[in-house]
Amino acid sequence: MCAIQMTVTKVLLFAIAALFPWMAVSAATPFDTDVAPLLQKKCLPCHSEKGQANLDLRTESSILRGGKTGPAIQAGNSEHSLLIEKVVSKSMPPVGDKLTDDQISVLRNWVDHLTPAVQVTEADVLPIFQMRCVVCHGKRKQEGGLDLRTQASRLKGGKSGPAIVPGKPDASPVYQKIASGQMPPPKLLVENAVRPPTTAEVETIRKWISAGAPAVQSLPNEANSNRLVTEKDRQFWAFQPPVRPSVPAPRHASDVRNPIDAFLLQKLESKNLAFNTPAAKLTLLRRVYLDLTGLPPAPADVDAYSKDRRPDAYERLVDRLLESPRYGERWGKFWLDAAGYSDSEGIIDEDLVRGNAWRYRDYVIRAFNQDKPFNQFLTEQIAGDELVDYRHAKQLTPDLMEKLIATGFLRMTPDGTYSPSNGSLVERMDVISDELQVISSSVLGLTVGCARCHNHKYDPIPQRDYYRLSAILQSAYDPYDWVKPTERYLDYAPEGERKEAAAHNAPLEAEIAKLKAELELKAKPYREKFLAASTDKTIVIKEEDLIEKYPEFRMETADLRENIAQTKKKLVDKPQIRALYEMGGEPSQSYLLRRGEAQQLGEAVQPGVPTVLSVGLKPYEPAPPFPDSSGRRLALARWLTQPNHPLTTRVFVNRMWMHHFGRGIVASPSNFGRLGSAPSHPELLDWLATEFVKNDWSIKSMQRLMVTSAAYRQSSVITPDLEKLDPENALLSRMPLRRMDAEQIHDSILSVTEDLNPKAFGPPVAVETKPAGEVVAVGSNKEGFRRSIYVLQRRTTPLTLLEAFDLPPMSPNCIERAYSTVAPQALELTNSDGLRDRARYFAGRLIDEFPADPAKQVGRAYLQALGRPASPLEIKQALADIDRLANLWQDHLKSEKMDAPRATESRWFALSDLCRSLLSSAEFTYID
Amino acid sequence: MTRRDLFSRFASGLQGAALANLFARDMFGAYDLKAKAPNFPPKAKSVIQLFQNGGPSQVDLFDHKPTLEKFAGTAPSRDIVNQIEFADQIGTMLPSSFKFSKHGGSGIELSELLPHLATCADDICLIRSMFGEHFNHEPSLYLMHSGRTLPGRPSLGSWVVYGLGSENQNLPAYVVLDDPKKLPVNGIQNWQSGYLPPIYQGTRFRSEGPPLLNLKPSEELESPLVEAQRSLLHRIDDAHRQARPGNPDLDARLASYELAARMQMTATDALDLSQESEATKEMYGLNQDATASYGRRCLMARRLIERGVRYVQIFIEYQIWDAHSDLEKSLRYSCGKTDQPAAALLKDLKQRGLLDSTLVIWGGEFGRMPISQTRPGQGTAGRDHGPAGFSMWMAGGGVKRGYVHGATDEIGHKAVENRVSVHDFHATLLHLLGMNYRDLVYERQGLKERITDQIPARIVNELLA
């Protein structure tokens, strides 16, 4: 049906274009009368013959030709025209009056009404082929034996001869079939996320073939110009390798527990400051517990630590916490934030759940618990598939699986390209751009993404460097040879798990098949009726079509369909690995994309790393580790993990520091560039970076150093002096008072009320949306509730409690969290059913434990919730409050039918109120 | 130098940009929602956005194209085909089956589907030359609400309250009234604050039941009991704070708890429609099934604006304007739900003298195609998405009344005259609120972020009164 229609289209096309004006847009703003005088005044002083940046703005054609950074305008598209961008952003003209909005409007109008360029080269047709054809005539598929990727393969053609006959468009199958609407085949468009070519594109192909189909001369090689990064650029501190400084000797030598303190004290002393008094023993206990495990100390921990009088009691405690399985669940989360971890694909409204993403989450938690050296950790995540020749491995070892799962690091960003209406070249490139954002913000600490559309405005990162980095991913993420996120999985799983899933699913699948057959039987007469009424006898009739058309069919099959849907829900995901892996073969050529646009090919580029990062470093040199692996990502990992890399170690130790001390030594943890913050303690940063490498990139050793420093053990009490001399605490003259983050609050509540199910790892816990709109994790009072890291992290249904406390959206990732103080937090803690229930269980347990001793109940509540004993005054006040509340509850319960004795019930509820108050108190939600 | 010169000089340089960033912070450097002075005197103080998810069909509602009738049944050009979401369901040129007529002194032509809006023709500023960047819902919603086709950036409402704060500290500055039946496409992402601090995120008010999630405990408790619970927490918190002077965070926390308590009164009161007269309720269509739900939200929006809320966003059931099939039935349904309440909102604001200081905006994420779409087995023809040209209207604070701006081509497909991009629209809206879009910056990791970044945008001066 559609093919016929397209042929009609072609015939009509020319007729319509000739007869009716709305086909071709007339030029509303003639260049000579309105535009030229404006350019004359504002631009020609610099951009005339032999103008600045080789840009000549005297004529339309010279403007279209452009200068050093490509064409100045894109005909018909002012939104994507450099000239317009420059005047709009007011960066041009550099001196004198900027253009007014009305003047800009004149320029925009002119560009929008300009018809596209006349001269065509291969650079103009290549993007058309890439966007519309190579999915079937490219690397993986060569329908009809035809490959349209290169000039040679086009000339060679396919089974029916050459695809192009230079000079003769009408004799060139490529042109013929596209112009007639036969290609791309209308029926395959949607499933391949391809749009049919525009009139202008068809015309471009015709002109190109007419002109003799000239092979490309105009895509210059990148080697031509590398002048954009200078030696001076490389002098910037963050681009120089860290040099280990000598440890200073501050005056307060007795306050120095380790070199961290020496660096900090030296700076404090220069402002006539020293460390604050040490924190109280139990304050420090709670701080370090929450910091390293995300959970508060239990009463038994408080008791044991209070009694431990050994001089190294604290160091022993730190060692115990670092060895706790809870440690990886806390510190793994920070890394998952950096990776942009999510259990759903996002972008599309349905927010499709990613079945096997959790394996990567578990990998990260285990890596932290095992203290996997950071260089190894990073290498596995960037190039795990290039570390082991898994395709030819005889056996599926746990080690091999782990390395493949690790590459999930680069599979976490939003990815809607599984949907045909969001799977075009543009959206594929957005996925790659997001993954580069993950690497650059979390490992490099640079805003590389700024160079996607133009040279970085502030840092020496030319646009080319962005595309060289992007080319590193191209052997796995090839925009011209795309694999949908729903299919980009490796079919590897431990035998046991595979069998278990198969055994679980087999009877369900049989049941579904049976039900479907039943449904089909009922559908048959309706199908016949449908077909009889249809003019198109080849039509594929879907079940939905029948439901839509025949209400009686809908009614008749409602139960059956519901049954199928419910049974399908019981199926478990097939165990697979969500990995990033090499596609094999020769990756497609990478180009610089002018203005960041898929259709604007610039120079061809080779995979590479930012040019400015070269001082003292071995160059980036990809080499295949084994056949069908380009080695591009492995070389990136090797390059990044050089011990003297100027950014990898600094950026990571800075983040550890930020998580422990509240702010980074570089306060902009994802921007170490010129616009980032200068380090508050540059020598300390370098000492830590080199110390990290010296200790074999051990994360735990680094953290041990940080939390056992005297700096970390300071009190958070602020004196007027401190406020005056170190108002922002940049010198770390005290520990900051910090609000718990979302996960600390969620998990600590469960821990205190003893409702925490300590089960680790595995598929995520489901969430449910309550009628009122609250999103909660599924759990039960019997089994308890699991830590937030194990709850489904779906983009559209964050847990209400977490969201209220600033859980960040992963778009694509989060390096530094924001903290807000807003009323919905208070509402959540004081009014939600969830916390009410937890508080009641908490109170119930206290009553069970100390049945006849309200004072002990209160004392225990304080100890459990706040990690400290209650003072006698607090107990006295709390008991008075409970009495008062119990009376009020008794009044309340009078109005309700209750089976239990009212006095018992009301005391229980009153104690619950105290428990809830403790759990929503400032003392609980803040860490001293 | 005139006062206007002074303001524009003040607002356009770096100085203004730096100030914008400082304005949003209180004396301790924390971000807050206190009312902030704009860059220059604003035309509008608050915004009500009537967002029409799905893509209302411009050629059936706002943009009369008699030419289309001449081509009825002919095949579309390649350029149209190129932009279709369902390339396998392409139909032919489809003229509107609805009658258009001129209304009011301004003579704005509107479709018979909008009889109520027609009575407000002289109050609206109709833009017929909007254009977007993507043919699919999700990216187009991201674009309309945040300026980019990808998720994760701050919404327009977040930018507005970041720049201006709120006149009422007892209610959220940015309120979202979503449809209880179903969230719009992209759900909560439509009002996220992205990289802006979370306090600038939109707060969902429910139009049924308690207005705010957990505004009250689910158990009905007597006020002395609630008071006693509150004072218990206050006592514990106050002692904690007294022991830790010099921590503004703790003051802010205490204030947030007090606000939460006050909001039980203020939010409940703001959304209590029983205080409205019968005539008002009737005007909004609260007494009719079709209009009751949307009418409630429109009326609530007026009550919120009256109380100094800066930005109110109203959504309508999922994407009811997405008429891929049964165009006629679908449009009658959508207009039947929205036309009367939206017009009532304009009239009500006007009679209360609030329309001069409130900007009302009406529109979806794109429009629809001038050609038909046929889905096998699914009723009569519909229209596929059309981002190349569509209509929106604004009314109130600072925009021309009874005015039509721009035009699409003769078949209503592509905006050709006085084109207005989504970025232009954002820049103009901020301008009406007294802010220069280039100066509304947020510093993140050393970079200056703006709603439009370096994307060309222009204040559409022709729209300004």
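The values are calculated or read from the model by the stated rules, or taken from the named source; none is laboratory data. Quick caveat: nothing in here was measured; it's all calculated off a predicted structure. Reconstructed Cβ throughout: ideal geometry from the backbone, glycine too, with neighbour counts over all protein chains shown.
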Quiz prompt | Single condition A:L802 does not satisfy, out of (1) away from chain B (no Cβ under 14 Å); (2) assigned to a helix (DSSP H, G or I); (3) surrounded by fewer than 22 Cβ atoms within 10 Å (Cβ to Cβ) | solution = (1)
Practice problem: Please indicate, with yes or no, whether at least one residue in segment A:691-708 is in contact with a strand residue (DSSP E or B) (Cβ under 6 Å, 6 or more places away or on another chain) and within 25 Å of A:W331 (Cβ to Cβ). | Solution: no
Quiz prompt | Boolean, A:L290 is in contact with a strand residue (DSSP E or B) (Cβ under 7 Å, 6 or more places away or on another chain) and assigned to a helix (DSSP H, G or I) | solution = yes
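Suppose the filter is touching a helix residue (DSSP H, G or I) at 6+ places or on another chain (Cβ under 8 Å), buried (at least 23 other Cβ atoms within 10 Å of the Cβ) and of a type in the set (G, A, S); does B:G379 pass it?
On the way: touching a helix residue (DSSP H, G or I) at 6+ places or on another chain (Cβ under 8 Å): yes; buried (at least 23 other Cβ atoms within 10 Å of the Cβ): no; of a type in the set (G, A, S): yes.
Against the criterion (touching a helix residue (DSSP H, G or I) at 6+ places or on another chain (Cβ under 8 Å), buried (at least 23 other Cβ atoms within 10 Å of the Cβ) and of a type in the set (G, A, S)), B:G379 does not qualify.
Would you pick out the residues in segment A:820-845 that are at the interface with chain B (Cβ under 8 Å from one of its Cβ atoms) and either within 29 Å of the chain's Cα centre (by Cα) or not charged (D, E, K, R) (or both)? Steps first, answer last, please.
Step one: list which residues in segment A:820-845 are at the interface with chain B (Cβ under 8 Å from one of its Cβ atoms), which gives A:820-828, A:830-833, A:836.
A:S820, A:T821, A:V822, A:A823, A:P824, A:Q825, A:A826, A:L827, A:E828, A:T830, A:N831, A:S832, listed by residue number.
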Quiz item: So which residues in segment B:234-253 are at the interface with chain A (Cβ under 7 Å from one of its Cβ atoms) and among the hydrophobic types (A, V, I, L, M, F, W, C)?
Solution: B:I236, B:L250, B:A252
Quiz item: Which ones in segment A:53-97 are of a type in the set (A, V, I, L, M, F, W, C), assigned to a loop (DSSP other than H, G, I, E, B) and out of contact with any Pro (no Cβ under 6 Å at 6 or more places or on another chain)?
Solution: A:L55, A:L57, A:A72, A:I73, A:M92, A:V95
Quiz prompt | Test: residue in segment B:186-197 that is out of contact with any strand residue (DSSP E or B) (no Cβ under 7 Å at 6 or more places or on another chain), under 30 Å from B:M265 (Cβ atoms), at pLDDT 90 or above and not small (G, A, S) | solution = yes
Quiz item: Can you pull out the residues in segment B:194-219 that are under 18 Å from B:Y311 (Cβ atoms), at the interface with chain A (Cβ under 8 Å from one of its Cβ atoms) and either within 19 Å of the chain's Cα centre (by Cα) or free of Cβ contacts under 8 Å to residues at least 12 places away in the same chain (or both)?
Solution: B:G194, B:P198, B:I199, B:T203, B:R204, B:R206
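Name the single residue that is nearest to the chain's Cα centre (by Cα) among those in segment A:527-539 being part of a loop (DSSP other than H, G, I, E, B) and within 8 Å of another protein chain (Cβ to nearest Cβ). Working first, answer last.
Looking only at segment A:527-539, we keep the residues that are part of a loop (DSSP other than H, G, I, E, B), and these are A:534-539.
Filter once more, so that each one left must be within 8 Å of another protein chain (Cβ to nearest Cβ): A:534, A:536, A:539.
Working: A:S534: 47, A:D536: 46, A:I539: 42 Å.
Here the residue is A:I539.
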Self-check item: Conditions (1) assigned to a helix (DSSP H, G or I); (2) among the β-branched types (V, I, T); (3) at the interface with chain A (Cβ under 7 Å from one of its Cβ atoms); number of the one not met by B:V185
Solution: (1)
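Output the residues belonging to segment A:782-797 that are under 17 Å from the mean Cα position of the chain (by Cα) and either closer than 28 Å to A:R845 by Cβ or facing chain B (nearest Cβ under 8 Å) (or both). Break it down stepwise before answering.
We begin by selecting, within segment A:782-797, every residue under 17 Å from the mean Cα position of the chain (by Cα); these are A:789, A:792-797.
Correct list: A:I789, A:R795, A:T796.
Report whether or not A:A818 is of a type in the set (A, V, I, L, M, F, W, C) and surrounded by fewer than 18 Cβ atoms within 10 Å (Cβ to Cβ).
Values: of a type in the set (A, V, I, L, M, F, W, C): yes; surrounded by fewer than 18 Cβ atoms within 10 Å (Cβ to Cβ): yes.
So A:A818 fits the description; yes.
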Quiz prompt | From A:T538, A:T557, residue being within 27 Å of A:V194 (Cβ to Cβ) and either surrounded by fewer than 11 Cβ atoms within 10 Å (Cβ to Cβ) or modelled with pLDDT under 90 (or both) | solution = A:T538
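What number of residues within segment B:255-289 are farther than 14 Å from B:N170 by Cα and not charged (D, E, K, R)?
Taking segment B:255-289 as the starting set, the residues that turn out to be farther than 14 Å from B:N170 by Cα are B:272-289.
If we keep only those that are not charged (D, E, K, R) too, we end up with B:273-275, B:277, B:279-280, B:283-288.
Selection size over segment B:255-289: 12.
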Quiz item: Could you give every pair whose Cβ atoms fall below 8 Å, whose first residue belongs to segment A:176-205 and is more than 8 Å from chain B (Cβ to nearest Cβ) and more than 18 Å from A:E427 (Cβ to Cβ), and whose second residue is crowded, with 21+ Cβ neighbours inside 10 Å and of a type in the set (S, T, Y), counting only separations of at least 6 or pairs across chains?
Solution: A:G181/A:T9; A:I205/A:Y175
Practice problem: Read through the list (1) more than 43 Å from the chain's Cα centre (by Cα); (2) surrounded by fewer than 21 Cβ atoms within 10 Å (Cβ to Cβ); (3) over 27 Å from A:S780 (Cβ atoms); (4) within 11 Å of another protein chain (Cβ to nearest Cβ), then give the number of the only condition that A:E896 fails. | Solution: (3)
Practice problem: Spot the failing condition for B:H413; the list is (1) facing chain A (nearest Cβ under 9 Å); (2) more than 29 Å from B:G107 (Cα to Cα), and only one is missed. | Solution: (2)
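Out of B:A261, B:A301, which single residue is within 28 Å of B:Y162 (Cβ to Cβ), among the aliphatic types (A, V, I, L, M) and either touching a Lys or Arg at 6+ places or on another chain (Cβ under 6 Å) or within 14 Å of chain A (Cβ to nearest Cβ) (or both)?
Working: B:A301 fails: either touching a Lys or Arg at 6+ places or on another chain (Cβ under 6 Å) or within 14 Å of chain A (Cβ to nearest Cβ) (or both).
On inspection, the qualifying residue turns out to be B:A261.
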Self-check item: Cross-chain or 6+ apart pairs with Cβ under 6 Å, segment A:77-105 first and under 22 Å from A:L593 (Cα atoms) and in contact (Cβ under 8 Å) with a residue 60 or more places away in the chain, then part of a helix (DSSP H, G or I) and of a type outside the set (A, V, I, L, M, F, W, C)
Solution: A:H80/A:R595
Quiz item: Only one of (1) part of a loop (DSSP other than H, G, I, E, B); (2) under 28 Å from A:S440 (Cα atoms); (3) within 14 Å of another protein chain (Cβ to nearest Cβ) fails for A:A772. Which number is that?
Solution: (2)
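Step by step: first the residues of segment A:494-508, then only those that are touching a helix residue (DSSP H, G or I) at 6+ places or on another chain (Cβ under 9 Å) and not in a loop (DSSP other than H, G, I, E, B), then the one that is surrounded by the fewest Cβ atoms within 10 Å (Cβ to Cβ). Which residue is that?
Going residue by residue through segment A:494-508, those that are touching a helix residue (DSSP H, G or I) at 6+ places or on another chain (Cβ under 9 Å) are A:494, A:504-505, A:508.
From what is left, the residues that are not in a loop (DSSP other than H, G, I, E, B) are A:504-505, A:508.
On the way: A:H504: 13, A:N505: 16, A:L508: 15.
Once the filter is applied, the top-ranked residue is A:H504.
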Quiz item: Before we move on, is B:E365 within 14 Å of chain A (Cβ to nearest Cβ) and assigned to a loop (DSSP other than H, G, I, E, B)?
Solution: yes
Quiz item: Considering only helices (runs of 4 or more DSSP H) fully contained in segment B:38-147, which possess at least 1 residues that are within 14 Å of chain A (Cβ to nearest Cβ) and of a type in the set (V, I, T)?
Solution: B:58-61, B:67-70, B:78-81
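Could we say that A:A163 is under 43 Å from the mean Cα position of the chain (by Cα) and closer than 25 Å to A:G423 by Cα here? Please lay out each step first, then the result.
On the way: under 43 Å from the mean Cα position of the chain (by Cα): yes; closer than 25 Å to A:G423 by Cα: no.
When the stated conditions are applied, A:A163 does not pass them.
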Quiz item: Of all residues in segment B:236-255 being assigned to a helix (DSSP H, G or I), under 13 Å from A:Y926 (Cβ atoms) and not aliphatic (A, V, I, L, M), which is nearest to the chain's Cα centre (by Cα)?
Solution: B:R253
Self-check item: Residue tally, condition within 30 Å of A:L265 (Cα to Cα), in contact with a Leu (Cβ under 8 Å, 6 or more places away or on another chain) and either away from chain B (no Cβ under 13 Å) or not in a loop (DSSP other than H, G, I, E, B) (or both), over segment A:725-753
Solution: 3
